[in-house]
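Participant: Quick one: structure below, then a few questions.
Each reported figure results from applying straightforward, stated rules to the coordinates on display, with no laboratory input. Bear in mind the structure is a predicted one, so any value in this text is a computation, not a measurement. Glycine gets a Cβ as well: all are built from the backbone with ideal geometry, and neighbour counts include every protein chain shown.
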Amino acid sequence: MLLTSVVFAPLIGAIVCLIMPKELTRVVAVLTSAITFALSLFLILPFLGGGDASRAIEVFGGAYGEKLHFVHRLPWITGETFSIEYFLGVDGLSMPLIVLTTFVALLACLASWNFNEWKINKSIKGYFFLFLLLEMGMIGTFAALNFFLFYIFWEIMLLPMYFLIGVWGGPRKEYAAIKFFLFTLAGSVLMLVALVAMFFYSGEAVAGGAPSGYLSGVEITQGTFDLIELATNDAIQQHFGASSTLFLGRAFAPLMFMFLFVGFAVKLPAVPLHTWLPDAHVEAPTPISMILAGVLLKMGGYGFLRLCYPIFPTGGVAWAGVLATIGVVSILYGALCAMAQTDFKKLVAYSSVSHMGYVLLGIAVMTHTGFQGAMFQMIAHGVSSPMCFFLVGVIYDRAHHREINRFGGLWLTMPKYGTMATIGFFASLGLPGLCGFIGEIYVLLGTFEARHQFAWAVPAAILAASAVILTAGYVLWLIQRVYLGPEREEHAGFPEATGREMLILVPFAAFCILFGILPKHLFFDYVNGTLVNIVDAVQAATQTGAAYAAGF
Amino acid sequence: MSNYETYLAIGVVIPLISFVILLFFGPRLGKPTAGWVAVSAMGASCVLATMTLVGWHGEDSIARMSLTAAASHNQFHWADLGAVAVRIGVKLDSLTVIMFFMVTFISFWIFVFSIGYMAGHSDEVAGKSKYHRFFCYLSLFGFSMLGLVVSSNLLFLFIFWELVGLCSYLLIGFYFDKKFASDAAMKAFITNRVGDFGFIFGLMMVFFFLHTLDLDGAAAEFAHQYRSESGIFEQGFVINLFGWQLSGMTLATAMGIGLFCGAMGKSAQFPLQVWLPDAMAGPTPVSALIHAATMVAAGVYLVARVFRLLTPDAQMFIAVIGCITLTLMALVAVVQTDIKKCLAYSTLSQLGYMIFGLGVGAWIAALFHLMTHAFFKAMLFLGSGQVIEGCHHEQDMRKMGGLMKKMPMTGLTFLIGVLAISGFGIPGMGVGLGGYFSKDEILAVAWDRSYMWNEPIEHHGDAGHAEGDLQSTSAGTSVAVRIVPEGRSDNSPAIHRRDPMPTVTRSPVGTVESTPGLHPSLRDSNVSGIRNPPAINRRATFDRPYGADRDVAALTAADTPDHRNAESSFRLVSDPHAAIPSEPRDSSRADAPTSIKAGIPALPKWLFWCALITAYVTPFYMMRCWWMTFMGKPRDQHVHDHAHESPMMWFPLVVLAVFTFVASYWVFRPMIADAAAVATNAVAVVGLDGVADTAGQAHGELIHVHDAHHWLATGVGWSWLIAFVVAFLIYRNGLALGSKLKALFGPLATLLEKKYYFDELYGFLFVMGCRAVAQVCRFFDTYIIDMFANLAAKITERFAAFSGRGVDANVVDGVFNGLAATSMDISNLVRSPQTGRIRNYVLFAAGGAAVVILLVLFLVSPLAPGTMLSAINP
């Protein structure tokens, strides 16, 4: 129930927003996201050992000791030949992302506090309604363990985002919103194909009645949308992975993997499917950029870890080289593009492409270290990039432009803000001691570690490592042009960051530092269990995959 | 936790506390108070460091061993990298203790100096006081640097490594309203990042092949793998790196070079030297602390720490880089007119000496040089800071002159620094300043490896037994001195120096190929560009076989009291894992060290000659610098009138001057020698110096006693005097003669003044190149990729327009108008931006998806036989 209330609390708030008078809308929205954040903190308890672990459900057959917490499952849509469950639950994979979502949403909501000063006199009620609806969609996506439900939440996210960019955005908002919408939709259409195919193929696999992968004593006789079942049921796994299982004349697992991958790669975003991102960021209002960078991009990485790899491990093996190449290209290409930007926000957007490339690379190599690094990178980027976008927003509110070359000396004008900016951008740069470093080094080490398996692992690691120079290049150049140098006349009157702005920046900065200093105690201790299980399962499939490879 | 460990750990944390206080309360504390907070924090650390140093000095070697071992077991579990646990701990050994003392001591006095320096207007950035911020950064630097020194783990070393880089960035760019300052800061950071790229590569190799990032653990694993031909040294184990086949020794070499790349960045070695001279844009105390004494020495410290992971080829690489740096940079220093730049180039050159020293195997001498250099170079920089502050921020030496009368304390202490860096000393008497001993020792080792390396030597004395005292053995021709315990079968420890074990053939025809257990890559003798001499090297036996390493603990002074008395200078620190039972030695590699020594090439002679010639150049430009600043007639009356000195600033100078003397003789050298016993104890390492306890002894040992070295002793020993005289003759009457000489050398002088055009070259090649590539990427992204996306949209739109008017119009309209209406209902308050055209876009979505599916299915054919898993190794 707790999880359900976390998911739907924003929806209730959204409806209240519509009812309340205009003046109170933002109060309601902030309260709602604060309550949601507070509720989501309870999700951490079982991972600390303080919660009620007895009600947890073992997954992966319990063989790895991994557990699902706060499971809430109800029959939802039941037909003659199918049944769709309302199935929510958290494990080490989704818990950090849900907490990140509520955290970023709360701060983004605070960042929307000065809505009336945006000079876009469009319905404040609509804005906060959609904002909270978006939050619900995001939490739901991370919490859903039924593919059908997952898909629905996935699509629910899309619509509010479209309007938030398209209505409250900048000059080219229509173009950006539609581009965002279409790219994501194109990806999710492929996901829909996979959804249907997986349902029917799993039905084939368990036609005679197979024991459930993780619910002891239960036999399943028809196709399922249950993501855990799909990943843990031996009959389904064997059928999916067999080279004789064909879909449209092609081997099933690699094809389905690719369908899902394309859907998630759009969100990640991976080059060359990234072009919606800079446009969307540039046009979106600051809080929406924060959500976009902080949470929405993580959907892609989460999708890989939740769907692609556990369900189609052989597909992961088959496509590893392609994925890693895309990852490395994203890292370098994103960094180079960022270097050439003169629009502050676009630069940060491209840096996101570069950083999320590490996620893809870390996942593609399928090592423990790589997965851990990818997961950490998602959280680290989820903290540092909304901070960077907010930093951009703060000066945009004052200067009403984002031309990097027109700034300068802002550290003199706004010392506190300048200090925060230094922390944020150095975290983005991957300075050791701040959060960005841990993810990068883990991914690099994990990539190198995969040398046993992939001949390209070492060159990939070296190329990815060379990005540290490029990253330092564009970040420092940015800092120099915006924050250093003499004060400019036109900006001299800028007020220092306000209390509200500091209230948003300080938690981000604190987490940037904390995650960099204590990665194990704040993060890895809770997620490693799940990640190790997934990697082990993938690796086990790789062993059989060698025989499978011979079938191609 | 022993006291020492606690002291050091607290000593690291105190500056961090100061940093936090200054960060939050700095502005409230105000101008002098904020500075005193930092000073007292560093003072407290310095007290702890002194307590540690004194206590440690009183411990005997056995106690030190057990303390080191205890410290290595007392660690905090920080994170897991895959299956490898990363632990934080204090690396407690002699090197840490002295480095910690050096850093805290110098930092403390520089902080004191800074209060004086910042008393004027030096704390202002664009007219606003940033006083507290300066001390805030300094405290952070103190924390990071001390953390770097005590790190027992390569990953943590790297983390602190980057943090000192950050402090350096912030402090170079302290006057960030000035373009040149922020440029210099950026240049420093990015250049360091280039080095760090190599460092990360090295870390990856260590992580992957040695399965640990712990310094001791990695060294032990490295030796173990070498001995058992497993892991990185496995037969037939090849890694393909962009077509470059790496195996065994070459792989290990790449690892060593990777780690060294980090040092190249921080210690500003060729070709990454470009940032250090520019870094002088920071306030002068920063130049003294970070860019002369401590941070730039971190690279040298790193190489010293990972010395056990370096193969002979990696060492050769290091030696060559060091030699290039020391020579080129010394020459540039000759033409500098900016007092700080002159010191900066001299720092580069001296760092080159240290790196060169490590490369040739003079581990002790190199670190001793680091210590002495830290004191006198800090003092020189502070002196220049006093001059600059006194002369109202005038840095051009051409406008100075005759300042001795106005600034006597500064002038005198500066002179002491000049003497120390020049290697002032009197050959034959064992009297001199730090640079004299350390530099000469490095040169002696280089000479030995260049000229004495392949000669067979006569054998005297019984191997495996303790030799007589130092003097009796020093009659031999060799410089090489190592402590070699006997094999484990013999429980009685044996220490002998200078005498190779008789088991090794000294036949000049014993080829490398004939040696069993030699690694194939060595057998090919193409490990590096330098061919191995065919004869078995006489150095072959000087290192102890690694198998004996673990029972070095047995080699205690207590076992051999006589020997201990005779050789009071010996101190031996064991491997911290001494308590662990030794592994059985792999017979195939029993004499592996022997064979690997045989593969160690002699040093190319030019390396030695470059270093030797530079020994003459250094005193010349230092004397030139001092003379131009303090002696002669005042050349700019305005500057001269303003010149003054303040006690807050000259007092630290005097303290450092005193320590320049102290550091030359006592405490440091024995402790470094002590640390060397472990640090240079490795299979693939050539370590030459390593016994003498004090600098004077080592000097006598290495240079003076042997006839063969007499010319070297004299030639190096008097270089300072010769160069001083030349400098005096040229500059005693002002700058006229100097200018004439410069005109005489024309293009050469221009080349030096332009610093060999490195800045221009890099600016064009990397900065412009990178920006150009970035612009290309941007163009590609904006026009090409987006063009495809937009084109697809356009085509679909046309198609939709066509089909929309066609047969399906009613159906499609029905569905999508309904959809649009629904979404409009939901967003009742929101005007949809796209009311009229939404059907086109949704149609596009469907059409686009269909196209993608078709593409994936039929064009991209990953499922064709054999293509799918080709990436996987069978």
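Participant: Using Cα pairs under 8 angstrom and six or more residues apart, how large is the relative contact order of the stretch A:319-517, in percent?
Facilitator: The value is 29 percent.
Participant: Determine ³J(HN,Hα), in whole Hz, for all residues of the stretch A:320-328 in sequence, where each value follows from phi through the Karplus function 6.51 cos²θ - 1.76 cosθ + 1.60 and θ = phi - 60°; x replaces Gly and Pro.
Facilitator: 3, x, 5, 4, 5, 4, 4, x, 5
Participant: Roughly how many debye, to the nearest 20, is the charge dipole of the stretch B:131-267 about its Cα centre, given +1 on each Lys and Arg Cβ, -1 on each Asp and Glu Cβ, and no other charges?
Facilitator: Values: 7 positive and 9 negative charges, 120 e Å.
Computed charge dipole of the stretch B:131-267: roughly 580 debye.
Participant: Turning to a different aspect of this structure: Quick check for me: using +1 on Lys/Arg Cβ and -1 on Asp/Glu Cβ, what's the dipole size of the stretch A:319-517 about its Cα centre, in debye to the nearest 20? Present the calculation step by step, with values, prior to reporting the outcome.
Facilitator: Values: 10 positive and 10 negative charges, 25 e Å.
Dipole size: approximately 120 debye.
Participant: What net charge do the residues around B:LYS633 carry, taking every other residue with its C-beta under 15 Å from that of B:LYS633, with Lys and Arg at +1 and Asp and Glu at -1?
Facilitator: Counting the neighbours of B:LYS633, the net charge comes to +4.
Participant: Farthest toward the dipole's positive end in the stretch A:319-517, which of A:SER385, A:TYR396, A:ILE479, given Cβ charges of +1 (Lys, Arg) and -1 (Asp, Glu) about the Cα centre?
Facilitator: The residue sitting most towards the positive pole is A:SER385.
Participant: Name the long-range amide H neighbours of B:ASP214: under 5 Å, sequence gap of 5 or more, or other chain; modelled H, no Pro or chain starts.
Facilitator: Amide H neighbours of B:ASP214, under 5 Å, 5+ apart: B:LEU154.
Participant: What is the stretch B:59-181 by shape, rounded, prolate or oblate, if you read a ≥ b ≥ c off the alpha carbon gyration tensor as root eigenvalues and call it rounded for a/c under 1.5, prolate for a/b larger than b/c, and oblate otherwise?
Facilitator: Here the stretch B:59-181 falls in the oblate category.
Participant: Per residue of A:336-346, count partner chain C-beta atoms within 10 Å of its C-beta, then hand back the mean as an integer. Mind showing how you got there, number by number?
Facilitator: Details: counts 10, 9, 3, 7, 12, 3, 1, 0, 0, 0, 2.
Shielding by partners across A:336-346 averages 4.
Participant: Right, another one. How charged is the neighbourhood of B:ALA263? Take every other residue with its Cβ under 13 Å from the Cβ of B:ALA263, and add Lys/Arg as +1 and Asp/Glu as -1.
Facilitator: Details: positive: B:LYS266, B:ARG305; negative: B:ASP196.
Charge balance in the 13 Å sphere: +1.
Participant: Something else now. Around B:THR347, with a cut-off of 15 angstrom between Cβ atoms, what is the net charge of the other residues, counting Lys and Arg +1 and Asp and Glu -1? Each step should come with its number before you reach the end.
Facilitator: Values: positive: B:LYS266, B:LYS340, B:LYS341, B:LYS377, B:LYS439, B:LYS755; negative: B:ASP278, B:ASP338.
Here the count lands on +4.
Participant: With a ≥ b ≥ c taken as the square roots of the eigenvalues of the C-alpha gyration tensor of the stretch A:60-147, please select rounded if a/c is under 1.5 and otherwise prolate if a/b is larger than b/c or oblate if it is not?
Facilitator: Details: a/c = 5.19, a/b = 1.85, b/c = 2.80.
It is oblate, given that a/c is not under 1.5 and a/b is not larger than b/c.
Participant: Report, by chain and number, residues whose modeled amide H sits under 5 Å from the one on B:GLY632, excluding near sequence neighbours (fewer than 5 apart, same chain).
Facilitator: Close amide H contacts, sequence-distant or interchain: B:GLY402.
Participant: Placing +1 at every Lys and Arg Cβ and -1 at every Asp and Glu Cβ, with all other atoms neutral, what dipole size does the stretch B:187-309 have around its Cα centre, in debye to the nearest 20? All intermediate terms of the calculation are to be shown ahead of the outcome.
Facilitator: On the way: 6 positive and 7 negative charges, 60 e Å.
The calculation lands at about 280 debye.
Participant: Need one value for B:785-792: mean number of C-beta atoms belonging to other chains within 10 Å of its residues' C-beta atoms.
Facilitator: On the way: counts 6, 5, 1, 2, 8, 3, 0, 2.
Per-residue shielding by partner chains comes out at 3.
Participant: Highest mean first, what order results for A:358-366, B:336-344, A:149-157, B:42-50 on Cβ atoms within 10 Å? Could the numbers behind the result be given before it?
Facilitator: On the way: A:358-366: 30.9, B:336-344: 23.9, A:149-157: 20.6, B:42-50: 22.2.
Most protected by this proxy first, the peptides run A:358-366, B:336-344, B:42-50, A:149-157.
Participant: Considering every residue in A:474-487, what mean count of other chain Cβ atoms within 10 Å of its Cβ is obtained? List each step's numbers first, then the result.
Facilitator: Values: counts 3, 3, 10, 5, 0, 7, 7, 1, 0, 2, 12, 8, 6, 4.
Mean shielding by partner chains, rounded to a whole number: 5.
Participant: Further question: Mean residue ellipticity at 222 nm from the helices of chain A, using -39,500 (n - 2.57) per DSSP H segment of n ≥ 4 over the full residue count, to the nearest 500 deg cm²/dmol?
Facilitator: Numbers: 22 runs with 369 residues, N = 552.
Calculated from helices alone, the mean residue ellipticity at 222 nm is -22500 deg cm²/dmol.
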